[in-house]
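> Mind looking over this structure? Questions follow.
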Amino acid sequence: MIEISHVNKWYTPSFQVLTDCTTSVTKGEVVVVCGPSGSGKSTLIKCVNALEPFQSGDILVDGTKVNDPKTNLPKLRSRVGMVFQHFELFPHLKIIDNLCLAQEKVLGRPRDKAQTKGMQLLERVGLKEQAQKFPAQLSGGQQQRVAIARALAMDPIVMLFDEPTSALDPEMVSEVLDVMVDLAREGMTMMVVTHEMGFARKVANRVIFMDRGEIVEDASKDDFFGKPRSDRAQKFLSKILSH
Amino acid sequence: MFANLDFDVIRRALPYLFYEGMTFTLTLTGLAALGGLIFGTALALMRLSGFKILGRIAGIYVDFMRSLPLVLVIFWFYFLVPYIGQWVTGASRPISVGAFASSLITFIMFEAAYFSEIMRAGIQSISRGQPAAASALGLTYAQSMRYVVLPQAFRNMLPVLITQTIVLFQDTSLVYVLSITDFLGAASKVAQRDGRLVEMYLFAAIVYFTISCVASYGVRRLQARIAIIR
């Protein structure tokens with residue numbers, strides 16, 4: 001589904017952000033990307049739907065080359081759902097209109113069909129009653145669930161999550177993770193940048209560990225948590241699991 | 001002090017002042033604000049676009065316009081355009097541009113420079129995550145601007161835009177250099193004719209003051225109503 005091969009990204013020759021990153025996500029797989037801050041994991045996931053450019057290497061999403069100038073990026077992105085750290089709901093639109101905008105303008109769905117779809121998804125994330133409110137009237141956890149519903153409204157073939165719970169108060173993390181766990185169990189292909197190791201243990205098939213722009217470890221969940229091969233991954237795990 | 005003043009001159013001049021003068025002033029203000037907004041948005045988008053040349057052209061234009069006194073632009077434009085028109089079209093004599101058309105074009109060009117700076121600030125006030133989220137949903141650059149960035153930017157800058165329009169409303173009185181009968185021009189003519197300078201200029205000041213004050217108050221009310229809940 002996603003093929004990342006030898007991706008390099010730099011701002012200046014001496015400031016390399018991604019170094020020779022190669023990995024893949026197959027259909028129905030849930031891959032968790034973790035690592036210390038500044039390790040390039042958010043940058044990598046943003047390269048997948050071309051929100052960030054990169055200088056060399058290739059990324060294929062469902063057979064389409066992301067870094068080909070001829071690729072119709074809006075069309076490709078409409079099939080790749082993305083959830084951001086800071087939700088990025090559109091504050092001037094009601095919740096239901098947040099879900100309908102791209103359905104209507106990008107997919108060309110008629111308004112009533114888009115609304116029906118939107119309401120179904122809001123019900124699924126438990127926020128049907130909030131449809132007529134504005135984003136700022138919702139809590140952070142609720143906003144992030146709306147953001148997930150908004151991405152799902154486009155019927156994506158894969159979902160990207162960029163630290164979806166890092167900006168949330170602790171008591172709201174689980175309501176968002178619950179939605180993500182359900183999604184994973186339904187067979188959605190997911191690439192998730194997160195520090196939530198509990199989530200990784202529960203639903204991940206593979207864990208990628210990044211440090212200083214490199215993929216240091218790319219292993220099955222059991223291998224990663226059982227016996228990480230690299231020193232850096234061991235140190236990282238011992239630090240975040242010690243509490 | 002007011003013993004010698006004849007306020008009846010104002011009452012007698014009212015139809016002329018408002019039907020001729022104020023109609024012109026409001027028409028010019030409205031059309032210039034509309035045109036300036038459209039042209040100004042285009043300039044702002046040019047400056048924010050990735051194309052360096054477009055940005056430079058818009059930048060030079062804005063700096064140029066903002067470095068000249070409005071009254072000079074009005075004056076020069078009125079006297080130069082017929083000759084530029086002649087040169088462009090190759091006509092045998094200077095083409096005639098009416099005083100209204102000339103002043104309208106001048107105000108649109110001048111206000112666009114100010115509006116574009118307001119628009120630019122407004123667009124830049126939207127966090128980068130918003131267009132990113134719009135792109136991630138598959139919206140094109142134009143759609144993301146139209147449905148996500150500009151609606152929010154407009155709400156943020158509407159108070160400043162209207163305030164600038166109030167300034168424009170007052171600035172339209174500068175068309176007196178072209179001997180156009182706007183509100184102040186009409187008042188001035190009556191004042192000269194009847195020798196009632198104090199009364200007429202006092203009255204004109206009160207009218208400008210009242211309209212501008214009411215508009216400012218309206219802006220504050222509007223601001224409270226349309227502000228995005230944050």
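The values are calculated or read from the model by the stated rules, or taken from the named source; none is laboratory data. Predicted model, so just to flag it, every value in this text is computed and none were measured. Heads up, the Cβs are rebuilt from the backbone with ideal geometry, glycines too, and the neighbour counts pull from every protein chain shown. Note: areas computed on protein heavy atoms with side chains; ligands, DNA, RNA excluded. Shrake-Rupley method; radii C 1.70, N 1.55, O 1.52, S 1.80 Å.
> Touching a Leu at 6+ places or on another chain (Cβ under 9 Å) and at pLDDT 90 or above: which single residue out of A:P156, A:P164 fits that description?
A:P164
> Further question on the same structure: Of the residues B:Q164, B:Q143, which is polar (S, T, N, Q) and out of contact with any Lys or Arg (no Cβ under 8 Å at 6 or more places or on another chain)?
The unique qualifying residue is B:Q164.
> Here is a list of conditions, (1) open to solvent by 70 Å² or more (accessible area, probe 1.4 Å); (2) outside any helix (DSSP H, G or I); (3) β-branched (V, I, T), and B:I126 meets all of them except one; can you say which number that is?
Evaluating B:I126 over (1) open to solvent by 70 Å² or more (accessible area, probe 1.4 Å); (2) outside any helix (DSSP H, G or I); (3) β-branched (V, I, T) leaves (1) as the failure.
> Can you report the number of residues in segment A:172-199 which are part of a helix (DSSP H, G or I) and either of a type in the set (V, I, T) or within 25 Å of A:I96 (Cα to Cα) (or both)?
Of the residues in that region, 13 qualify.
> When you scan segment A:29-107 for strands (runs of 3 or more DSSP E) that lie fully inside it, which ones turn up with 2 or more residues that are within 19 Å of B:Y141 (Cα to Cα) and touching a residue at least 12 places away in the same chain (Cβ under 8 Å)?
Once the strands (runs of 3 or more DSSP E) in segment A:29-107 are filtered for at least 2 residues that are within 19 Å of B:Y141 (Cα to Cα) and touching a residue at least 12 places away in the same chain (Cβ under 8 Å), what remains is A:80-83.
So that you can scan it fast, the table gives a plain yes or no per residue for (1) surrounded by 22 or more Cβ atoms within 10 Å (Cβ to Cβ); (2) within 14 Å of chain B (Cβ to nearest Cβ); (3) hydrophobic (A, V, I, L, M, F, W, C):
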residue	(1), (2), (3)
A:K128	no, no, no
A:Q132	no, yes, no
A:A136	no, yes, yes
A:V173	no, no, yes
A:E186	no, no, no
A:V192	yes, no, yes
A:D223	no, no, no
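> Can you tell me which of (1) under 19 Å from A:L127 (Cβ atoms); (2) crowded, with 22+ Cβ neighbours inside 10 Å; (3) in contact (Cβ under 8 Å) with a residue 40 or more places away in the chain is the one A:A167 doesn't meet?
(2)
> Right, another one. So A:D112 fits all but one of (1) within 30 Å of A:Q137 (Cα to Cα); (2) open to solvent by less than 30 Å² (accessible area, probe 1.4 Å); what number is the exception?
Here A:D112 meets the rest and fails (2).
> Another question about this same structure. Out of A:D222, A:D218, I need the residue that is out of contact with any His (no Cβ under 7 Å at 6 or more places or on another chain), in a helix (DSSP H, G or I) and among the acidic types (D, E). Which one?
A:D222
> Report whether or not A:A153 is away from chain B (no Cβ under 13 Å) and either surrounded by 20 or more Cβ atoms within 10 Å (Cβ to Cβ) or closer than 17 Å to B:A133 by Cα (or both).
No; evaluated as a whole, the condition is false for this residue.
> Here is a further query. So which of B:L197, B:L158, B:L137, B:L184 is open to solvent by less than 30 Å² (accessible area, probe 1.4 Å) and either in contact with a Leu (Cβ under 8 Å, 6 or more places away or on another chain) or away from chain A (no Cβ under 14 Å) (or both)?
Matching residue, one of B:L197, B:L158, B:L137, B:L184: B:L137.
> Scanning for something farther than 28 Å from B:A186 by Cα, touching a residue at least 12 places away in the same chain (Cβ under 8 Å) and among the aliphatic types (A, V, I, L, M), does segment B:168-175 turn up at least one residue?
no
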